Amino acid sequence: MSNPIKAFAGVVTLPARAAGATAAGTARTLRDWSGGDVDDWGCDTQAVTRAFAASRLRWDVAVGGTEHLPRRGGALIVTNARRLSLAPLLAALAIGDAVGRPVRFVGRPDIAPIGPMLQRLGGLLPIADELEGALHAGELVLLGAAHRRDNARTGEIDHALIGAAVAARARVLPAVTLSAPLGRAARVEIGAPVTRSRIRRGPLAELELADALQRRIDELLVECGGSFAGTLFDWLPGAGVLRGVFA
């Protein structure tokens, strides 16, 4: 007769074993799907290229304002974000393809399997130290504002992450990301760098810069047409129901 304690222990540890097997399988899939060659930030250029090619099946993205970006050196791009639109990822892929250099994006979770997958696509943890390190290393980084239901105005911008750009003395640029509800058209427009009229020290510097960025992104939304917007699910059957559920 089997030992009931061992049998119970097997039942208890079954979910953990299953989760481990799933994570291992996901890791193998990621290695097979990508080239398996990652940079110092865990980004795989082949995976990024394939992800952008896949995104073009849904969106035809036009990118403007790339002349404002430095050819070399780090810069922080801050964009609006609408719920379920994947705006930071879409914008990072599109800008990276337009300028021919990797664009990291802030906001990957530190959990498997989503975290490692987004890291392969250039995702960074939403931690000021990691963002500052990337900017010091000369990387282009994209940060999304807080998600909103529409593009009437920009969501709140995390001033602590803006503080990382202040500490790194990196250029900070506003941007808007817009997509059409029923069509393939999408647009990423980068504005001129936001500069401060006076140099402050301490937390007021990052707060003032975050406020200035929010105002400038709002202006860009008006200039570009904020109603020209959609979500990831707009092309799926029953999209209206999905929007009602996730709004």
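The values are calculated or read from the model by the stated rules, or taken from the named source; none is laboratory data. These numbers were taken from a predicted model, which means no experiment stands behind them. Glycine also receives a Cβ, built like all others from the backbone with ideal geometry; neighbour counts cover every protein chain displayed. All accessible areas refer to the heavy atoms of the entire protein, side chains included, with ligands and DNA or RNA removed. Shrake-Rupley method; radii C 1.70, N 1.55, O 1.52, S 1.80 Å.
Structural remarks
- When each of Thr177, Thr154 is tested for being among the hydroxyl-bearing types (Ser, Thr, Tyr) and touching a strand residue (DSSP E or B) at 6+ places or on another chain (Cβ under 6 Å), the lone residue that passes is Thr177.
- Among the residues of the range 141-163, the ones that are over 18 Å from Ala81 (Cα atoms) and either without any contact (Cβ under 8 Å) to a residue 40 or more places away in the chain or under 15 Å from the mean Cα position of the chain (by Cα) (or both) come to 0 in all.
- Test: residue in the range 29-44 that is of a type in the set (A, V, I, L, M, F, W, C) and modelled with pLDDT of 90 or more: yes
- Matching residues in the range 53-96 - criterion: being assigned to a loop (DSSP other than H, G, I, E, B) and open to solvent by less than 50 Å² (accessible area, probe 1.4 Å): Arg58, Trp59, Gly65, Leu69, Pro70, Gly73, Gly74, Asn80, Ala81, Ser85
- Meets criteria (modelled with pLDDT under 95, in contact with a helix residue (DSSP H, G or I) (Cβ under 9 Å, 6 or more places away or on another chain), assigned to a loop (DSSP other than H, G, I, E, B) and open to solvent by 10 Å² or more (accessible area, probe 1.4 Å)) for Pro181: yes
- Selection count, the range 102-157, where residues are open to solvent by less than 50 Å² (accessible area, probe 1.4 Å), in a loop (DSSP other than H, G, I, E, B) and either in contact with a Lys or Arg (Cβ under 8 Å, 6 or more places away or on another chain) or on the phi < 0 side of the Ramachandran plot (or both): 13
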